[in-house]
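Novice: After the structure tokens below, expect a handful of questions from me.
The values are calculated or read from the model by the stated rules, or taken from the named source; none is laboratory data. Since this is a predicted model, take the numbers as computed values, not measurements. Cβ placement follows ideal geometry from the backbone for every residue including glycine, while neighbour counts extend to all protein chains displayed.
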Amino acid sequence: MSDPYETTEQHVERILRRALNSFDLPDGTVERLGSALAHSSSLYSSHHSATLHRETYRHAYLLSDGAALTLWELVHSGPRGDGHPDTRQHELYDDEADAHIAAARLTGSLWDVPDFGDAEGAQADLELMSALLAAPPAPLPRTYAPDNSADHARRVLRRAENGDVPGEETAHLLRAAFAHHITQVFGRQCRVEGRDAGFTLYEHAFLLLDGSETSLWEVEHTATPDGRHMCEVYGDEATARGAMEARTRIC
């Protein structure tokens, strides 16, 4: 039911788009979903018979204000021969009682429908999502591209405007670079002296001929007196982040 590579924003958009009754959800619920930071989906109950296939899913969301929000999704179709995904119908409810009634309507019996009042389960989902957000994501393996990497390093150093750019020793080391990988590790808009300014931090990682790795950390920002774009380059991440903080206390 859940795609591990799907963001929470994409997940919300997908289930709202496929639900037949998404227009019945309160506007306040849809607005709160817009602030969802993480989600957890689980199969809550199922019913399979010769005439009906019905599954109930619980989607729990951790919102930016620290609160939790739960949606109940009913997925149902006809007999097994008609169970192709294209024929399955989806319904969404933000109220336990409405989901209970809808499930009972499909099965024709209240006795076949589980009790949706699972406060402990919802709390467990919230604690799990909070823990996932607190834990740093597992780093993805780098894929180096051999593409004139030594020249790329020279161009990065040449466009730097800060006075403490890495010196000749670093430039000499990077002449042995034969592959590189660029990652954006930070990006934010801030107010600096009453004006909007953008900050972006890139890591330029280089693979050297001896198999070792080294990186340049590039800060691109518009926190300049005239708002123009400026590039700064540093030898380590801590110094690069310190330079951003020095320009504004907001970031």
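Novice: Consider only pairs whose beta carbons are under 8 Å apart and that are at least six residues apart or on different chains; among these, list those whose first residue lies in the range 5-34 and is free of Cβ contacts under 8 Å to residues at least 24 places away in the same chain and whose second residue is hydrophobic (A, V, I, L, M, F, W, C) and in a helix (DSSP H, G or I).
Specialist: Final answer for the pair search is Val30/Leu16; Gly34/Val12.
Novice: Determine whether the range 94-103 contains at least one residue that is more than 28 Å from the chain's Cα centre (by Cα) and at pLDDT 85 or above.
Specialist: The answer is no, given that none of the residues of the range 94-103 is more than 28 Å from the chain's Cα centre (by Cα) and at pLDDT 85 or above.
Novice: Are any of the residues in the range 211-223 small (Gly, Ala, Ser), in contact with a Lys or Arg (Cβ under 9 Å, 6 or more places away or on another chain), modelled with pLDDT under 90 and closer than 26 Å to Arg142 by Cβ? If you could, list the steps in order and put the result at the bottom.
Specialist: Taking the range 211-223 first, the residues small (Gly, Ala, Ser) are 211-212, 215, 223.
Subsequent filtering for residues that are in contact with a Lys or Arg (Cβ under 9 Å, 6 or more places away or on another chain) retains 223.
Next, only the ones that are modelled with pLDDT under 90 stay: 223.
Still in the list and also closer than 26 Å to Arg142 by Cβ: none.
No, the conditions are met nowhere in the range 211-223.
Novice: Also: Under 7 Å by Cβ, and 6 or more places apart or on different chains, what pairs join a residue from the range 204-224 that is under 12 Å from Leu173 (Cα atoms) and assigned to a loop (DSSP other than H, G, I, E, B) with one that is of a type in the set (Phe, Trp, Tyr) and modelled with pLDDT under 95?
Specialist: From residues that are under 12 Å from Leu173 (Cα atoms) and assigned to a loop (DSSP other than H, G, I, E, B), the pairs are Leu209/Phe178.
Novice: Now a separate question. Can you spot a residue in the range 201-212 that is surrounded by 19 or more Cβ atoms within 10 Å (Cβ to Cβ) and among the hydroxyl-bearing types (Ser, Thr, Tyr)?
Specialist: Yes, there is a match, as at least one residue in the range 201-212 is surrounded by 19 or more Cβ atoms within 10 Å (Cβ to Cβ) and among the hydroxyl-bearing types (Ser, Thr, Tyr).
Novice: Can Glu6 be described as surrounded by 12 or more Cβ atoms within 10 Å (Cβ to Cβ) and closer than 17 Å to Ala99 by Cβ?
Specialist: Values: surrounded by 12 or more Cβ atoms within 10 Å (Cβ to Cβ): yes; closer than 17 Å to Ala99 by Cβ: no.
Criteria not met by Glu6.
Novice: What is the residue count in the range 165-186 for residues that are surrounded by fewer than 16 Cβ atoms within 10 Å (Cβ to Cβ) and in contact with a Pro (Cβ under 8 Å, 6 or more places away or on another chain)?
Specialist: The number of residues fulfilling the criteria is 1.
Novice: Also: Would you point out which residue out of Leu201, Leu157 is closer than 18 Å to Ala243 by Cβ, in contact (Cβ under 8 Å) with a residue 24 or more places away in the chain and within 27 Å of the chain's Cα centre (by Cα)? Please lay out each step first, then the result.
Specialist: On the way: Leu157 fails: within 27 Å of the chain's Cα centre (by Cα).
Going through Leu201, Leu157 in turn, just one is closer than 18 Å to Ala243 by Cβ, in contact (Cβ under 8 Å) with a residue 24 or more places away in the chain and within 27 Å of the chain's Cα centre (by Cα): Leu201.
Novice: With the requirement that a residue be among the β-branched types (Val, Ile, Thr) and surrounded by fewer than 20 Cβ atoms within 10 Å (Cβ to Cβ), what does the range 22-69 give you? Write out each step before concluding.
Specialist: The initial filter retains those residues of the range 22-69 that are among the β-branched types (Val, Ile, Thr), namely 29-30, 51, 56.
Selection gives Thr29, Val30, Thr51.
Novice: With Val165, Val185 as the choices, which residue is part of a strand (DSSP E or B) and either touching a strand residue (DSSP E or B) at 6+ places or on another chain (Cβ under 9 Å) or farther than 22 Å from Ala145 by Cα (or both)?
Specialist: Details: Val165 fails: part of a strand (DSSP E or B).
Just one listed residue meets the conditions, Val185.
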